[in-house]
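The values are calculated or read from the model by the stated rules, or taken from the named source; none is laboratory data. Source: prediction; values computed, not measured. Methodologically, a virtual Cβ is constructed for each residue, glycine included, from the backbone with ideal geometry; neighbour enumeration extends over all protein chains shown. Surface areas here come from the heavy atoms of the whole protein model, side chains and all, with no ligands, DNA or RNA. Shrake-Rupley method; radii C 1.70, N 1.55, O 1.52, S 1.80 Å.
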Amino acid sequence: MTAILNPRLVGAELPQPGALAIRGLNKAYRIDGRPLPVLQGIDLQVLPGEFVSIVGTSGCGKSSLLRLIVGLEREYDGQILLDGEPVRGPRLDCGLVFQDHRLFPWKTVWDNVALALKHQRLSRREKAERVDEHLALVGLTGFERAYPHQLSGGMAQRAAIARALITRPKVLLLDEPFGALDALTRIRLQAELQRIWAQQRSTMIMVTHDVEEALYLGDRVIVMEPRPGRIRHEVQVDLPHPRERNAPRLQNLRDELLRELTGD
Amino acid sequence: MPVVLTRLSVFASPLALVLAWLLLARFGGFPAQLLVPPQEVYQAFVELLQSGELREHLANSLSRLALGFCAGALGGLLFGIAMALSETVEAYCGPLFHVLRQIPSIALIPMFILFFGVEETFKVVVVAKASFFPVALAASDGVKGIPRRYFEVAEVYRLPLPSLVRDVALPAAAPPIVTGLRIALSRAWMVLVAAELLAADSGLGQMIEMSRQMMRIDIVMVGVVLTGLVGFTLDHGFRLLERRLLRWRDTP
Ligand SMILES: Nc1ncnc2c1ncn2[C@@H]1O[C@H](COP(=O)(O)OP(=O)(O)OP(=O)(O)O)[C@@H](O)[C@H]1O
Ligand SMILES: [Mg+2]
């Protein structure tokens, strides 16, 4: 029975999953009973396997947008469709790396990452292998037994990235995943993320404050503006992956983007 | 300070107290029947120990404590969690709960004697009552205080209910609950000794009261000191357990 349903065997007949469609999305929080609009008229189509970067000033609703897509916020106007189905709550095939690491302080690094595998039908050994492999990937080998309070901010964030990657979701949302990292680790993890993305062909949407990072990784960069949060501008990064970090085309786009972000 | 000295510093204040007691008994001019010198108290302690009397009193007190504390703490835990999870339970039982918990357990002893008689039941009920309220309060606050962000992580990873309880809710609520249990145990012990003072045919409190009536102040002192030591041991044991259970916290 699996032979028929296996997309690899069916080939191009089945569309690859991981498509996101957002239409006319409005979101308001209530503060003191009064509505505070945070997102207004968001329209966004993300193709399966696409890498989309989102940049924008602090408070313009980037985290809110990711929370809506992952299904943590259930009150909104408009449509959010994942593979054609309206999002009604968190689903296993859509993962999120929170802006704060959100590791459980009472669990070791290893147990925190392993908890994400609750739903996978894996043997104990396979699970252990996968956890070890992902901890090695983010450079946390040797810290398996450490508790989160014994980690630095960047190490905790890396553990959180490992926790999100290990489930291999079709759509992965990343909220400033490399914000707390030094330049070197950041560059290494960017390359790793790109490799994983290419290998798993999953859809990724990453919020970042780093314009170069946004351009280096993204097929597309979305620029948002605040109060209320809207999409102001979109840049197609028409360069094949993997990219040369200091390609002239990226430099040009960076200058353009920075002008867009700073000059009103 | 050298480690040895730090270790020994624990004993400084008790030794000073015993010394002061010794001096006061000898030179203070109090009648020896009222302020019994420490060596006589120790003598009485050894005698009580050898006759097996002390062990019986202690065993009786501790078994009442165990029974009442387990019942009260378990009930408090369940009730507290129910109050945290259900607005209905909170609305119907909350106000009464908060009024009742203001009544000192000791003030209820006369009433409990009327209801349950002077036998075992009343003592166990008093201990259970004294344990119930601190645990219920801690459990309710502990469960209500679980940060929502942890549940969001659990949601994103679609943790099934048993895992949600075991891996997220329980450990998140554990610190205040364990502290509540420790406080409850301390209070339960104090209330139990008080109850035994008023009405009992055995137990540490009864030993104190009987000896007072017979003017055996040395035995009274044995009872008082032991009450303190037992309470301290229980509390200290719980603290060790607390530290072991909550070693993931950065504050020891
Ligand atoms: N739970 C909430 N209740 C009320 N207002 C909220 C809530 N969460 C976010 N907001 C408001 O929504 C707006 C957008 O917040 P959001 O966290 O999405 O911004 P952001 O773009 O991620 O900012 P940053 O770059 O600083 O992380 C802010 O004005 C914030 O005050
Ligand atoms: Mg944010």
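Structure above, values below:
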{"quantity": "Peptide-level mean, for A:88-99, of C-beta atoms on other protein chains within 10 Å", "calculated": "2"}
{"quantity": "Ratio of the Cα radius of gyration of the range B:40-196 to 2.2 N^0.38 Å, where N counts its residues", "calculated": "1.31"}
{"quantity": "Cβ neighbours within 10 Å from other chains - mean over A:180-187", "calculated": "0"}
{"quantity": "Accessible surface of the range B:1-148 [probe 1.4 Å, protein heavy atoms]: carbon and sulfur percent", "calculated": "71"}
{"quantity": "Under 16 Å from the Cα of B:Lys144 - aspartates and glutamates, other chains or at least 8 residues apart", "calculated": "B:Glu87, B:Glu90, B:Glu152"}
{"quantity": "Gyration tensor verdict on the range B:117-252 (Cα atoms; rounded if a/c is under 1.5, prolate if a/b is larger than b/c, oblate otherwise)", "calculated": "prolate"}
{"quantity": "Ranked packing of A:34-40, B:127-133, most packed first, by mean Cβ within 10 Å", "calculated": "B:127-133, A:34-40"}
{"quantity": "Accessible surface buried upon A-B contact (total; probe 1.4 Å; Å², nearest 100)", "calculated": "2100"}
{"quantity": "Residue-averaged beta-carbon neighbours from other chains (10 angstrom radius) around B:148-161", "calculated": "6"}
{"quantity": "Bins of 5 Å from zero: percent of alpha-carbon pairs in chain A", "calculated": "1, 6, 12, 16, 18, 17, 14, 10, 5, 2, 0, 0"}
{"quantity": "Net dipole in debye of chain B [+1 Lys, Arg Cβ; -1 Asp, Glu Cβ; about Cα centre; nearest 20]", "calculated": "720"}
{"quantity": "Amide H partners (placed H, <5 Å) of A:Tyr29, local residues excluded", "calculated": "A:Leu36, A:Val38"}
{"quantity": "Most positive-pole-ward Cα, A:Leu181, A:Gln40, B:Val222, against dipole of the protein assembly as shown from beta carbon charges", "calculated": "A:Leu181"}
{"quantity": "Pair B:Tyr42, A:Gln199: separation of 7 Å Cα→Cβ label points (nm)", "calculated": "7.2"}
{"quantity": "As computed over the range A:138-207, the Cα convex hull volume per residue (Å³)", "calculated": "87"}
{"quantity": "Ordering of B:35-44, A:217-226, A:159-168, A:230-239 by packing [mean C-beta count within 10 Å, highest first]", "calculated": "A:159-168, A:217-226, B:35-44, A:230-239"}
{"quantity": "Length-normalised contact order of chain A in % [C-alpha pairs under 8 Å, at least 6 apart]", "calculated": "25"}
{"quantity": "Delta accessible area of at least 30 Å² on complex formation, residues of the range B:217-252, 1.4 Å probe, chain isolated as reference", "calculated": "B:Arg247, B:Trp248, B:Asp250"}
{"quantity": "Estimated FRET transfer efficiency when R0 is 35 angstrom, pair A:Asp132-A:Ala247 (beta carbons, to 0.05)", "calculated": "0.50"}
{"quantity": "Unit charges at the beta carbon, dipole of the range B:40-243: most positive-side option, B:Leu114, B:Phe133, B:Ala71", "calculated": "B:Phe133"}
{"quantity": "Base-10 log of normalised Debye intensity for the protein assembly as shown (one unit scatterer per alpha-carbon) at q = 0.06, 0.11 Å⁻¹", "calculated": "-0.48, -1.00"}
{"quantity": "Residues along the range A:143-174 losing 50 Å² or more of accessible surface when the other protein chains are present rather than the chain by itself (probe 1.4 Å)", "calculated": "A:Tyr147, A:His149"}
{"quantity": "Rounded to the nearest 20 debye, dipole of the protein assembly as shown from Cβ charges on Lys, Arg, Asp, Glu", "calculated": "420"}
{"quantity": "Accessible surface, per residue, of the range B:40-243 when the full set of protein chains is kept, probe 1.4 Å, Å²", "calculated": "51"}
{"quantity": "In sequence order, calculated HN-Hα J values of the range B:134-143 (Karplus, 6.51, -1.76, 1.60; Hz; x Gly/Pro)", "calculated": "x, 5, 4, 4, 5, 5, 5, 5, x, 5"}
{"quantity": "Ranked by how many other beta carbons lie within 10 Å on average, peptides A:191-199, B:238-246, A:59-67 from highest", "calculated": "A:59-67, A:191-199, B:238-246"}
{"quantity": "Calculated from backbone phi, Karplus (6.51, -1.76, 1.60) coupling profile of the range A:31-38 in Hz, x at Gly/Pro", "calculated": "10, 6, x, 9, x, 10, x, 10"}
{"quantity": "Carbon plus sulfur fraction of accessible area for chain A, probe 1.4 Å, in percent", "calculated": "51"}
{"quantity": "Helix-only mean residue ellipticity at 222 nm for the protein assembly as shown, each DSSP H run of n ≥ 4 adding -39500 (n - 2.57), per residue, nearest 500", "calculated": "-18500 deg cm²/dmol"}
